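The structure appears below as C-alpha cells.
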Amino acid sequence: MEEPLVRVSDSGSVRTLALNRPHALNSFTGAMHGELRAALDAAAGDHSVRCVVVTGTGRGFCAGQDLADPAVAPNRDGATTDVGSAIERYYKPLALRIRSMPVPVVAAVNGVAAGAGANFALLCDIVVAARSASFIQAFSKIGLIPDCGGTWLLPRLVGRSHALGLALTGDKLSAEDAQRLGLVWQVHDDAALMDSAWALADRLAAMPTKALVATRRALDAAQSLPLEGALDLEARTQRELGHAGDFAEGVAAFQQKRAPKFSDR
Ligand code: T3D
C-alpha cells in the first residue's frame, strides 16, 4: 500500500496530521497539498475532534514548496512559470483554512521549517518547537517574497524591523531565537517535543472550543480595528458566547468547585 503524504492519527479528541515526504523534508507538492486540505477539512467537520496538531515525519517539519515540482520550477530553457497561480491555488486556501479551523491548531515543529513551511507553522494558534528546529524565510534566496501569509504574519508577530531582517536575509533562526523573538510559544528537548505538544493539545481539547476559536478570531480582527471597534467586537463576541452552553457550564463548575465539562464546538 502507498504511504499517505499526510499521516492522520487520533488520540482521544486530538487529531495529529503529520506531513510525510521525509526524503524532501516534507516540502509541498500539489498532491500533498490535496491530502493536507482533505485532512484539515475532515478534522473541521468531525465533532469528535477538539484540537489538531500538525507536525512532520523524519528530520524536517516542512521545507516549503517542493522546488523540483515541474508545476512550479522554472523550465531548464528559462521559460517562466506562473508562481502566482500556485499561491492562489494552494497557499492562500491553506492559510485561510488554518485560520478558520473550528478548533485550536498546534504546530509541533520537529525540524527545519523553511519558506511556506515556516509560515504554515506560524499560521497555527500555538507553535511549539524542538530545540534543534529552525525557521527560515527562504524566499529571498530564490527571488520571491514571503508567502503563505508571511507578509501579514511576520510584522504582527515580531515587528517591522525583525520581520524585514528575517525576510531580506533569509537567515536561519534557531528555535530558541524564534522563541525570544515571539514566533514560538515553547521550546522542548527533541525527544520530549511530541509528548509536550500532545499534552498541550489535550488541555486545549478539554477547554471551551468556541471561546478559544472566538479568541483567535477577535485577536486577528482587532489588529485592524481602532480601540472602539475592538471593544464593540468584544461585546458582540461575549454576547454570543454568553448564550452558549460552555459559559453556563464554566460558571456552574466554578460555583460547584468541580472540573468543567465543556462540549460546545
Ligand atoms: O514556487 C511556488 O510555487 C511558490 C511558492 C513558494 C513557497 C515557498 O515555500 S518558496 C521556498 C521554498 N523552499 C526553499 O527554498 C528551501 C529549500 N531548502 C533548503 O534551503 C534546505 O533544504 C534547508 C535549509 C530547508 C535544509 O537544509 P539541509 O542541509 O538540512 O537539507 P538538504 O540536504 O538541503 O535537504 C535534504 C533533502 O531534501 C535534499 O534532497 P537529496 O539531495 O537528499 O535528494 C533536498 O534537495 C531536499 N529538499 C529540501 N528542501 C526542498 C527539497 N526538495 C525540494 N524542494 C524543497 N523545498
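Derivation of every value follows stated rules applied to the coordinates shown; laboratory data play no part. Values in this document were obtained by computation on a predicted structure and should not be read as measured data. Note that we place each Cβ from the backbone using ideal geometry, even for glycine, and neighbour counts take in every protein chain shown.
If I go through the range 1-43 residue by residue, how many of them are assigned to a strand (DSSP E or B), in contact (Cβ under 8 Å) with a residue 60 or more places away in the chain and in contact with a helix residue (DSSP H, G or I) (Cβ under 7 Å, 6 or more places away or on another chain)?
The number of residues fulfilling the criteria is 3.
What residue, among those in the range 82-111 that are farther than 20 Å from D41 by Cβ and surrounded by 24 or more Cβ atoms within 10 Å (Cβ to Cβ), is nearest to the ligand (Cβ to nearest atom)?
The qualifying residue nearest to the ligand (Cβ to nearest atom) is G111.
Kindly indicate which of G170, G182 is crowded, with 16+ Cβ neighbours inside 10 Å and touching a residue at least 12 places away in the same chain (Cβ under 8 Å). Before you say what the answer is, go through the steps one by one.
Working: G182 fails: crowded, with 16+ Cβ neighbours inside 10 Å.
Of G170, G182, the one residue that is crowded, with 16+ Cβ neighbours inside 10 Å and touching a residue at least 12 places away in the same chain (Cβ under 8 Å) is G170.
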